[in-house]
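Taking it in order: structure first as structure tokens, then the write-up.
FYI, it's all coordinate maths here, none of it is from the lab. Everything quoted here is computed from the prediction, not taken from an experiment. For neighbour counting, all protein chains shown are included, and Cβ atoms are generated from backbone atoms with ideal geometry for every residue, glycine included.
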Amino acid sequence: MQLRYLLPIAAMLLLAACAQPASPQSANITVDAPQPHQVIASPLTITGQARGTWYFEADFPIRLFDAAMQQIASAPATAQSEWMTENFVAFEATLTFTDPGTPNGYLLLEKDNPSGLPEHAGSIIIPVQF
């Protein structure tokens, strides 16, 4: 994993661990499944809606981390219809992983940001259980 991702991810995971359960949504993305603290297993299907501005070339990255902040899976969330809009567009992704041996972990959904500029970044974290 690149170093530039490590600090923001560590900070987000720490905040998520300390936060009260929240709805996995923001003004730009809503996650239908899984819900926070849901017990998950492989293969995991992730569904929801994101504004078209979250996508680049019709997808955006999703990563799954264990409690030790080790990435155990990743896959692109793929737009299910025309993504070149500012409206919400349904997405779906499937993650395949082995049991990490930790009781919990985190899903990180990131706005695709090909520019790399922080002002264009966005993410949502969903705590999960294995």
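Using the basic label-point model (7 angstrom from Cα toward the beta carbon), what is the Met84 to His120 distance in nanometres?
That separation, rounded to one decimal, is 1.6 nm.
Per 0.36 nm of contour for each residue apart, how much would the distance between Glu92 and Glu57 grow if the chain were fully extended, relative to their Cα-Cα spacing? The partial results should precede the final answer.
Numbers: separation 35, 0.36 × 35 = 12.60 nm, distance 1.46 nm.
Result: 11.1 nm gained on full extension.
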